[in-house]
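In what follows, a structure is listed as C-alpha cells, so that the remarks can point back to it.
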Amino acid sequence: GDSVTQMEGPVTLSEEAFLTINCTYTATGYPSLFWYVQYPGEGLQLLLKATKADDKGSNKGFEATYRKETTSFHLEKGSVQVSDSAVYFCALIYNNAGNMLTFGGGTRLMVKP
Amino acid sequence: DVKVTQSSRYLVKRTGEKVFLECVQDMDHENMFWYRQDPGLGLRLIYFSYDVKMKEKGDIPEGYSVSREKKERFSLILESASTNQTSMYLCASSLDRGHLETQYFGPGTRLLVL
C-alpha cells in the first residue's frame, strides 16, 4: 500500500540554522503531497502542498518540491526561529474522490535560541 | 476561521469503561474524521463520515465506534476501553468530498487508560 516515511526526530537546531526534514513516499500513482504542522498544544494545520511533479509549495518561509524521480517532498527553511518548534507531518492523497490522507510518522523540530 | 473543538484535552479512564470523545465543528463541513496519533506512527484514521448518520471505517476501526446525529458533531466511542487505546485522539473536518486534503484539526484529546 501507499506509505510516507519521514526522518526520525527530534531535530534540534539553533536559531537561524538551515532546516531540512526528509520525506519520501511509495505510491502506485501520482498523489498530491502535503506538509502539516502541529504546534505545541494545538491540532495539525496545513503548511503547504504540491499537486504535481516539480511543483513547489511554499508558506511562512518553508518550501518543498515534489520530486517524482526520487519520490520525495523534503521540507526546507533557510533560517529557523524558535517559533518554528513543532511536529511536522508529511502526507499524501490521491486526487480521486474518496481517497484519504496518508500521514508519515511526524518529525519533531526543536529550535534553541 | 474554521474551528474544531474537542470536549476534553485530557482524560483518564479505567480498563473496561465506556468512553465518549466529542468533536464539534462550526463551519458546516460535510466531512469529519477521527484519528489517533502515536509516536513514530503518525496519524492513523479510525473512522470518518461524509454526512449525517453516515460512517465509514478507516484503517484501524477495531475497538471503536462513532456517531454522527448532527452535521456539526462527530463522536468517537470506546465501548470497553483497553490500555492499548491510550493515545492522543484528533478530530478533523473538511468541506466536502472534493476537499479531503485540506482538513482542519481540533487540539486533540490525550486519553490515558489505566
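The values are calculated or read from the model by the stated rules, or taken from the named source; none is laboratory data. Model, not experiment: these values are computed from the prediction. Backbone-built Cβ (ideal geometry, glycine too); neighbour counts: all protein chains shown.
Going by the conditions given, is B:Ser80 away from chain A (no Cβ under 11 Å) and farther than 18 Å from B:Val113 by Cβ?
For B:Ser80, the condition - away from chain A (no Cβ under 11 Å) and farther than 18 Å from B:Val113 by Cβ - is not met.
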Could you grab me the full set of residues in region B:9-25 that are out of contact with any Cys (no Cβ under 9 Å at 6 or more places or on another chain) and within 14 Å of chain A (Cβ to nearest Cβ)?
B:Arg9, B:Tyr10
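Yes/no matrix, rows are residues, columns are (1) assigned to a loop (DSSP other than H, G, I, E, B); (2) under 30 Å from B:Arg9 (Cα atoms):
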{"residue": "A:Glu16", "(1), (2)": "yes, no"}
{"residue": "A:Tyr25", "(1), (2)": "no, no"}
{"residue": "A:Glu42", "(1), (2)": "yes, yes"}
{"residue": "A:Gln45", "(1), (2)": "no, yes"}
{"residue": "A:Leu48", "(1), (2)": "no, yes"}
{"residue": "A:Gly57", "(1), (2)": "no, no"}
{"residue": "A:Ala64", "(1), (2)": "no, no"}
{"residue": "A:Tyr88", "(1), (2)": "no, yes"}
{"residue": "A:Asn99", "(1), (2)": "yes, yes"}
Go through region B:51-77 residue by residue and tally those that are at the interface with another protein chain (Cβ under 9 Å from one of its Cβ atoms) and crowded, with 16+ Cβ neighbours inside 10 Å.
1
For a quick check of your reading of the model, give me the residue pairs whose first member lies in region B:25-42 and is assigned to a strand (DSSP E or B), whose second is among the acidic types (Asp, Glu), with beta-carbon atoms closer than 9 Å and at least 6 apart or on different chains.
B:Gln25/B:Glu72; B:Asn31/B:Asp51; B:Asn31/B:Asp96; B:Met32/B:Glu72
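Among the listed residues A:Glu42, A:Glu69, A:Glu76, A:Glu63, which satisfies the condition of being of a type in the set (Asp, Glu) and within 14 Å of chain B (Cβ to nearest Cβ)?
Working: A:Glu69 fails: within 14 Å of chain B (Cβ to nearest Cβ); A:Glu76 fails: within 14 Å of chain B (Cβ to nearest Cβ); A:Glu63 fails: within 14 Å of chain B (Cβ to nearest Cβ).
Unique residue meeting the criteria: A:Glu42.
Quick one: is B:Val12 out of contact with any Ser or Thr (no Cβ under 9 Å at 6 or more places or on another chain), modelled with pLDDT of 90 or more and in a strand (DSSP E or B)? First the steps, then the outcome.
Details: out of contact with any Ser or Thr (no Cβ under 9 Å at 6 or more places or on another chain): yes; modelled with pLDDT of 90 or more: yes; in a strand (DSSP E or B): yes.
Judged against the criteria, B:Val12 is a match.
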If you check B:Lys18 against the conditions, is it modelled with pLDDT under 95 and of a type in the set (Lys, Arg)?
no
